[in-house]
Each structure stands twice: as structure tokens, then as C-alpha cells.
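Below is one structure; the comments refer to it alone.
Just so it is clear, none of the values below were taken in a lab; they were calculated from the coordinates. In this text, all values refer to a predicted model and were calculated from it rather than measured experimentally. So basically every Cβ, Gly included, is an ideal-geometry build from the backbone, and we count neighbours across all protein chains shown.
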Amino acid sequence: MRAPRKKPSRTIAPIIAARLNGRFTLHMQADGGIAAVSSDYSVSLGQFGAAATARAGHLATGLPLASLAGKSVLAQQIHALVRRLAQHGLLDYRLFSPRDAQDLVVIEPQIAEYWPQRAKLSGSDTIVLSRFAYLRRRGNEMVLESPCAGALFRICDPAVAATLATLSQPQKISRLRRQAASLNLDLLGLLLDSGMLIRLDMKDGNGLRVTEGDHNLVLWDFHDLVFHTRSTEGRHTDPVGGTYAYAGAVPPLPAVRPPWPGKKVTLNKFATPEPASPFAKLLRERHSTRDFDDQHPVTLAELAQFLDTTARVLSEWKSGVDVDGGPEVTYSSRPYPAAGSAYELELYLTVSNCEGLARGLYHYDAGGHALVAIDASAQHLRALSMAAEFAMDASGPPQILITIAARFGRISWKYSSIAYSLILKDVGCLIQNFYLAATDMGLGGCAIGTSNIDLFARMTGLEFHVEGPVGQFALGRGRKAEGQG
Ligand SMILES: Cc1cc2nc3c(=O)[nH]c(=O)nc-3n(C[C@H](O)[C@H](O)[C@H](O)COP(=O)(O)O)c2cc1C
């Protein structure tokens with residue numbers, strides 16, 4: 001007698017549900033208004049019908065995304081509410097099994113426009129982990145992150161971590177399925193769509209560095225792209241700037257390092273009462289200016305002189321690279337030092353108040369010593385200026401906000417391990433030029449430590465890994481009353 005065929009066990013598709021970020025609660029008002037409220041922040045989300053308001057209560061534990069798809073008024077209202085919450089970054093997304101309601105992963109969006117999508121996968125597809133994806137402990141959780149991904153994945157089930165380990169090598173879906181009956185294609189689709197996984201074409205071979213992404217991505221070292229995206233704003237949700245996070249736990253270091261105990265050679269006897277040269281005087285006079293005289297804005301002629309003094313191309317030449325068969329490379333010289341003479345830094349000017357120059361965004365063509373207008377939305381320009389105003393705790397937007405962007409590939413084409421650190425050092429050199437030239441011209445300025453790389457990408461259409469902000473400087477005519485910054 002033939003043994004009965006074993007029935008293949010049906011895998012039940014997991015559910016993906018939108019859930020209100022744990023720091024917020026929904027406040028339902030009597031007039032149908034809904035607001036998301038945290039201890040120090042409230043976002044109004046609009047007016048909704050009674051049924052939608054009741055349904056919205058489920059967002060505390062998770063509303064299945066599938067339930068948003070209907071054509072009914074209720075489904076459409078809930079859909080609008082969920083989208084609004086997503087735009088404000090107030091949602092995370094649970095992927096869980098309906099059998100036991102246990103989370104497999106929780107997806108935390110890292111960029112404003114993230115929305116979970118499942119990329120379609122067939123048995124013949126080959127996938128592998130992105131070389132930028134990394135697992136790490138965060139508090140008592142394990143998280144999968146990548147500077148290329150729009151979301152991070154909190155790994156709640158150790159089996160998911162095991163699958164990820166398998167995916168350090170390219171795997172065909174059909175083979176993966178045979179190995180792990182519980183393989184979760186929905187999860188793999190979400191990971192693929194977010195950029196944690198990549199799909200390999202047959203011609204791509206082994207899925208190593210040169211086959212992932214475009215030529216610009218190939219040039220990024222892993223640590224450099226993580227550093228860039230995590231030390232700027234726009235592609236993560238951690239607090240940024242002066243938060244004094246461990247002020248209660250660790251005492252501050254003193255302003256001046258206590259001297260070493262060794263024999264002291266005093267230099268004071270060489271000091272002169274006045275600065276020893278006009279340059280020394282300029283250095284003494286340099287200071288940060290954060291508030292500007294909007295009745296007497298900087299003029300186009302002054303801006304031209306400022307850029308000519310600090311940043312224009314002075315000469316250009318070509319040279320072969322010191323590797324066999326390497327191509328000839330073009331170089332320039334400019335009024336500041338730059339690693340490898342790469343001069344990867346570009347200046348983008350957000351002009352709010354400059355006599356003789358219309359408001360808007362401009363690129364400084366350092367070779368042609370010209371400003372080239374870039375079409376950018378007024379909303380984006382305002383957002384950029386307001387962020388600078390906030391960073392300086394100033395009373396208004398800077399007359400001109402200079403965003404220093406790097407053409408990353410210009411420097412990473414040559415340097416391994418140190419490319420991004422060289423870029424930041426180059427920014428320091430250029431910013432000191434800006435400070436000194438502004439002081440010399442009777443203008444004022446201030447370096448700004450933060451910049452939003454996602455906003456800049458949306459403004460310019462330049463991908464964040466190709467060319468993006470690495471520094472900012474506010475420029476204008478300082479208010480007379482203001483003393484030292
Ligand atoms: C890299 C860098 C980042 C800075 N970021 C900011 C900033 O975000 N906001 C601000 O108001 N000042 C910023 N500053 C200015 C410093 O606060 C200022 O240089 C410092 O307080 C010394 O004052 P002084 O420049 O007037 O001598 C920055 C300066 C540097 C060099």
C-alpha cells in the first residue's frame with residue numbers, strides 16, 4: 001500500500017500593520033478632530049467621522065495596511081489619517097504572524113517618505129544582503145540598519161537573524177525555500193524594497209562591491225557612508241545637536257587642558273602688546289555673527305569679492321595618476337588647502353536678502369566665477385534657512401546661507417578609509433577662509449554644525465550619496481549693536 005502523500009503545510013502570510021509611535025497618543029476631540037500628542041509636541045491631523053475616530057483607536061496596537069485599501073468612506077478616511085501620521089514620522093510598522101500575533105520585525109522609518117512596500121520575488125531571483133546593511137544591539141534590541149535604507153528593521157525573532165546570516169552570500173529564492181520551510185517571502189520583499197537586500201542579475205555574478213548600485217556608491221567605504229548619514233540630519237531619527245545626553249552621568253571636561261607636569265618653557269616673554277601683523281590682527285578680530293542687519297544687506301559686489309577671495313579656481317592643470325595605466329586627472333588650485341588637491345567642495349547659496357541678487361538657490365561655478373540659478377521650491381528654501389536660523393538661535397534667516405556640498409567621488413576615487421574624514425578637514429579649511437574674509441570685509445558670518453542631507457537632495461535632485469552637504473556657513477552684514485558672537 002502506498003503511504004499517503006504528506007500535505008505541504010500552508011504558510012500563513014504575516015500581517016503588516018501601521019502603529020502609532022510609542023511616544024505619542026491620539027487625542028480625539030468632541031468635534032471629530034484628531035491630534036497626535038507627546039509630552040512636548042502636538043500634531044493636528046484633521047477632522048474625521050465617528051467610525052473613523054473609533055477605528056483610529058486601533059493604531060495603538062496596529063492597523064493592518066490591507067484594511068486601508070477599501071473604497072468605503074471609512075477606509076479612505078483611515079487611509080488619509082495613516083498617511084498623515086506617516087508624513088510626520090509618527091508611525092512604525094509591525095510584521096507579525098496572525099497565528100500568535102508575535103512580531104517578526106518592527107520597521108522604523110528613517111526618512112520622511114518611507115512607506116512599506118513588498119518587492120515581488122520569484123523562485124528564480126537571487127538576492128544578497130547589501131554591503132551597507134549591519135546588525136547591532138540597541139539597548140535590549142537587535143536592529144538591522146543601512147545608510148542606504150529608508151527604514152531600520154528591529155529584529156524580534158532570532159530566526160530572522162539566522163536568515164540574514166545566510167544572506168551574506170547570494171541565495172536563490174527557490175533554494176532558500178527548500179532549506180527553510182518557514183522562509184518569509186513578505187519579509188524578504190520588504191527588505192529588498194528598502195535596500196537592505198539587493199537583487200542580483202545573472203551577469204552581476206557574486207554580488208560583491210562593484211555590482212551594488214551605481215559608480216558613485218561603489219566608491220563609498222562602509223564606515224564613511226554610515227558616518228555621513230548618521231552625523232547629518234535627514235536619514236535617521238536620532239536626536240541631533242546639543243542635547244547634553246550624558247550631562248547627568250559624566251562631568252564636563254575643563255575649557256583648557258590642565259598642563260603636563262614636565263619642565264615649562266614660557267613663551268610669554270615673546271608676546272607683543274598689539275597683534276604682530278595685519279594678519280594676526282585679522283585672526284584676533286574674527287568672531288561669529290549670527291544676527292544680520294536686514295536694512296543694509298550684503299551686496300552682490302561684496303558677495304562676488306567674498307567668493308573670489310575665498311573659493312574661486314585660480315588655475316587648472318592635468319596630471320597622470322601614480323598607478324600603472326591610470327588615466328590623466330584634471331586638477332585646480334584655489335585659495336585654501338585641500339587633500340590631494342581634489343577640491344571636492346561645491347558651494348550652494350540660499351539667498352534670502354542680498355542687494356542686487358534675487359532670492360533663490362544658486363550654485364557657485366568656481367571655475368567661471370559665476371552664480372548659476374537652480375530652480376528650488378520656496379518651501380524647501382524656507383526650510384533650509386529656518387534650520388540655519390534655529391541652529392544659530394538667531395532672530396531671522398541669514399542673508400546668505402552657504403551650503404558646502406561635497407562631490408564625494410572626487411576624493412573617494414583615490415583615497416581608501418580616510419576619504420570622508422579628509423572631506424570634513426577640507427571643510428574646516430574653507431570655513432576658516434570664510435570667517436577671515438568676512439571679518440576683513442566688515443561682514444559677519446557663522447559656521448553651522450548641522451545640515452539636512454535629505455532636504456538638500458530633494459531641493460537639488462542630487463542623490464545623497466553623489467553630492468551632498470558637509471557644512472554650512474551663514475553670511476551677511478552684522479547688526480551694529482551686536483558685540484562678540
Ligand atoms: C564646525 C563648527 C560648527 C559650528 N556650529 C555652530 C552652530 O550650529 N550654531 C552656532 O550658533 N554656532 C556654531 N558655530 C560657531 C561657534 O559656536 C563659535 O565659533 C564659537 O562659539 C567661538 O566663537 P567665535 O567664533 O565668535 O570666536 C560653529 C563653529 C564651528 C567651527
* To do: Express in whole angstrom the spacing between the alpha-carbon centres of the stretch 360-414 and the stretch 207-279.
  => 22
* Structure fact -> Taking placed amide H atoms and a strict 5 Å upper bound, the residues 5 or more places from SER130 or on another chain that come that close are LEU197, ILE198
* **Nearest-ten-degree value, helix 378-392 long axis tilted from longest Cα axis of the chain** => 70
* **J(HN,Hα) series, the stretch 96-111, from Karplus relation 6.51 cos²θ - 1.76 cosθ + 1.60, nearest Hz, glycine and proline x** => 9, 7, x, 5, 10, 6, 7, 5, 8, 9, 10, 9, 10, x, 10, 10
* To do: Could you run the Karplus curve 6.51 cos²θ - 1.76 cosθ + 1.60 with θ = phi - 60° over the stretch 455-467 and give me ³J(HN,Hα) per residue in whole Hz, x for Gly and Pro?
  => 5, 4, 4, 5, 5, 9, x, 8, 5, 4, 8, 9, 8
* To do: Could you tell me what percent of the DSSP beta bridges with both partners in the stretch 275-476 are antiparallel, to the nearest 5?
  => 95
* Among HIS236, HIS27, which comes first, then next, by fewest other beta-carbon atoms within 10 Å? -> HIS27, HIS236
* Structure fact -> Ratio for the stretch 279-344, C-alpha Rg to 2.2 N^0.38 Å, reads 1.69
* Structure fact -> What helix-only [θ] at 222 nm does the chain give? Using -39500 (n - 2.57) per DSSP H run of at least 4, over all residues, to the nearest 500, the answer is -8000 deg cm²/dmol
* Wrap a convex hull around the Cα atoms of the stretch 275-476, take a quarter of its surface area, and give that in square nanometres. => 12.5
* What dipole magnitude, in Debye to the nearest 20, does the stretch 275-476 give about its Cα centre under +1 on Lys/Arg Cβ and -1 on Asp/Glu Cβ? -> 280
* Asked: Relative to the first principal axis of the alpha-carbon coordinates of the chain, what is the inclination of helix 73-87, with its axis defined by its Cα atoms, in degrees from 0 to 90 and to the nearest 10?
  -> 40
* Structure fact -> In whole Å, largest first, the alpha carbons of the stretch 15-212 cover along the principal axes 60, 35, 31
* To do: Rounding to the nearest 20 debye, state how big the charge dipole of the stretch 15-212 is about its Cα centre with +1 on each Lys and Arg Cβ and -1 on each Asp and Glu Cβ.
  => 460
* Tell me which residues come under 5 Å, amide H to amide H, from GLU233 once H is placed; ignore anything under 5 positions away on its chain. => SER451, ASN452, ILE453
* Structure fact -> When TYR134, TYR114 are arranged by how many other beta-carbons sit within 10 Å of their Cβ, fewest first, they go TYR134, TYR114
* Using amide H atoms built 1.01 Å from N in the peptide plane, name the residues 5+ places from VAL470, or on other chains, whose amide H lies under 5 Å from its own. => ILE404, ALA405, ALA406
* What does the charge dipole of the chain about its Cα centre add up to, to the nearest 20 debye, if the Cβ of each Lys and Arg holds +1 and the Cβ of each Asp and Glu holds -1? -> 2180
* Sites LEU135 and HIS58 - FRET efficiency at Förster radius 25 Å, r taken between beta-carbons, to 0.05 -> 0.20
* Give me the distance between the Cα centres of the stretch 430-485 and the stretch 56-88, rounded to whole Å. => 41
* Footprinting exposure proxy for ILE400, ILE155 (fewest neighbouring C-beta atoms within 10 Å first) -> ILE155, ILE400
* To do: Starting from the Cα of LYS425, draw a straight line to each of the aspartates and glutamates and keep only those under 15 Å, dropping any in the same chain fewer than 8 residues away.
  => ASP224, GLU344, GLU346
* Theoretical gain in end-to-end length, ALA161 to LYS71 [0.36 nm per residue, Cα-Cα removed] -> 28.6 nm
* To do: Specify whether the C-alpha gyration tensor of the stretch 20-80 places it in the rounded, prolate or oblate class, a ≥ b ≥ c being the square roots of the eigenvalues: rounded for a/c under 1.5, otherwise prolate if a/b is larger than b/c and oblate if not.
  => oblate
* To do: Set Lys and Arg Cβ to +1 and Asp and Glu Cβ to -1, take the dipole of the stretch 275-476 about its Cα centre, and tell me which of SER277, GLY471, SER417 lies farthest positive.
  => SER277
* To do: Ratio to report: Rg/Rh of the chain, with Cα atoms as the point set and Rh obtained by the Kirkwood method; give two decimals.
  => 1.04
* To do: Could you tally the net charge around ILE111, taking each other residue with its Cβ under 12 Å from the Cβ of ILE111, Lys/Arg +1 and Asp/Glu -1?
  => -2
* Please compute the Cα-Cα pair-distance distribution of the stretch 57-106 with 10 Å bins starting at 0, giving whole percents from short to long. => 23, 52, 25, 1
